[in-house]
Amino acid sequence: MPSDRITIGRFSSLTHLSQKALRYYDRKGILVPEIRDRFTGYRYYTVPQIENALKIKTLCSLGFGLAEIGTILGSLSAGDQVSVRSLIEKRKKEAESEIARMEKVMSLLLENRDFSELFSMNVSEPVIKEIPALRVISGRRKGTYEEVCGEVSSALMATIFSPENQKNGVTVTGPCLSLCYDSEYKETDADIEMAIPIHGQIAVPDSRFTVRTLPAVKVVSVVYRGPYEHEGFSVAFENAFRFAAKMGLEPNGPDRQVYLNNPDETPAEELLTEVQIPVSG
């Protein structure tokens, strides 16, 4: 075999990347074997690709995602140093933030302080609010939080903004929200309803969705700033329930989470979610 043709097995040995990882990088288009044998169709890596493999491996170890790595490699090939520098500076700031957080965690642990202090700066003070009745289009199903919230809300928005409903003047009147009907946290079988407040006569061709009115409720409200999956959510709920107990209020009904900004347009650390605990008393 010519020396410029390297099989995937040999390339794996040379780069210390598993064949599974190499096939994944191939599918993602960031490290594709450069040579294809015109008779057998078999594909081979080349010696210069070892350098790219090492770059990918190093960038992965520094916390870059594959999309970012693909952009970096493409920018390097195009001589676009500005884009490369921008992505590396962004990751550098993220690493500095992680280091600062790690130091904070160490301080709280060693000094035996309240661990929720780590997230308190991202959680507002609890308040009592009266939430009016809301006319919504909603869909309820079971699954992971990420799947249900993402897929159902997208399908609801597609229904609202269908040509027929836009012709009829259907509008969104408030932020998307979710209602959780479980008495405990479930990773894969959570019972969640996604709802979007609307105005107008709406056609609902999908039988999984319904138009209904959420009842007016009194809630303990806490606003959390940060990623949806972050531990800060636990602190937000803890603060809300602690405040309810202090005020002699009883939780009453499914918890609500109101998504105050668009996750497609907002950095994860700037996402705002209002946790609402319906209460009575």
Between the Cα axis of helix 66-78 and the main Cα principal axis of the chain, the angle (0 to 90°, nearest 10) is 50 degrees
Can you run phi through the Karplus equation (6.51, -1.76, 1.60; θ = phi - 60°) for the range 264-281 and list ³J(HN,Hα) in whole Hz, with x for Gly and Pro?
7, 10, 10, x, 3, 6, 10, 5, 10, 10, 8, 8, 10, 10, x, 9, 9, x
Which of the peptides 203-211, 215-223 is most tightly packed, and how do the rest follow, judged by the mean count of other Cβ atoms within 10 Å per residue?
215-223, 203-211
Given the -39500 (n - 2.57) contribution per DSSP H run of 4+ residues, what per-residue ellipticity at 222 nm results for the chain, rounded to the nearest 500 deg cm²/dmol?
-12500 deg cm²/dmol
Compute the angle between helix 145-160 and the longest alpha-carbon principal axis of the chain, please, reported from 0 to 90 degrees and rounded to the nearest 10.
70 degrees
Give the long-range amide H neighbours of Asp255: residues separated by 5 or more places, or on another chain, with amide H under 5 Å away, using H modelled in the peptide plane at 1.01 Å from N.
Cys180
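Treat every Asp and Glu Cβ in the range 127-280 as -1 and every Lys and Arg Cβ as +1, leave all other atoms uncharged, and give the resulting dipole magnitude about the Cα centre to the nearest 20 debye.
Details: 14 positive and 22 negative charges, 157 e Å.
The calculation lands at about 760 debye.
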Dimensions of the range 127-280 along principal axes (Cα, Å, largest first)?
49, 30, 28
Report, to the nearest 10°, how far helix 232-246 tilts away from the longest principal axis of the Cα atoms in the chain, using its own Cα long axis and a range of 0 to 90°.
20 degrees
Which of these values of percent of Cα pairs over 31 Å apart was calculated from the structure shown: [x] 50; [y] 21; [z] 37?
[x]
Given backbone amide H placed at 1.01 Å from N, residues whose amide H is under 5 Å from that of Lys186, ignoring those fewer than 5 places away on the same chain, are none
Close Lys-Lys pairs in the range 123-250, where close means Cα under 21 Å and separation is 8 or more or interchain:
4
Given backbone amide H placed at 1.01 Å from N, residues whose amide H is under 5 Å from that of Val217, ignoring those fewer than 5 places away on the same chain, are Ile131
If packing is taken as the average number of other Cβ atoms within 10 Å across a peptide's residues, how do 22-30, 269-277 rank, most packed first?
269-277, 22-30
Enumerate the calculated ³J(HN,Hα) couplings along the range 32-43 in order (Karplus 6.51 cos²θ - 1.76 cosθ + 1.60, θ = phi - 60°), each rounded to whole Hz, writing x wherever the residue is Gly or Pro.
9, x, 7, 10, 10, 5, 6, 8, 8, x, 6, 10
What are the ³J(HN,Hα) values, in whole Hz, obtained from phi via the Karplus relation 6.51 cos²θ - 1.76 cosθ + 1.60 with θ = phi - 60°, for each residue of the range 169-178 in sequence order, with x given for Gly and Pro?
x, 5, 10, 8, 10, x, x, 4, 9, 10
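Every read-out reported here was derived from the displayed coordinates using simple, explicitly stated rules and does not represent laboratory data. The model shown is predicted, which means the values in this text are computed figures rather than measured ones. Every residue, glycine among them, receives a Cβ derived from its backbone with ideal geometry; neighbour counts consider all protein chains shown.
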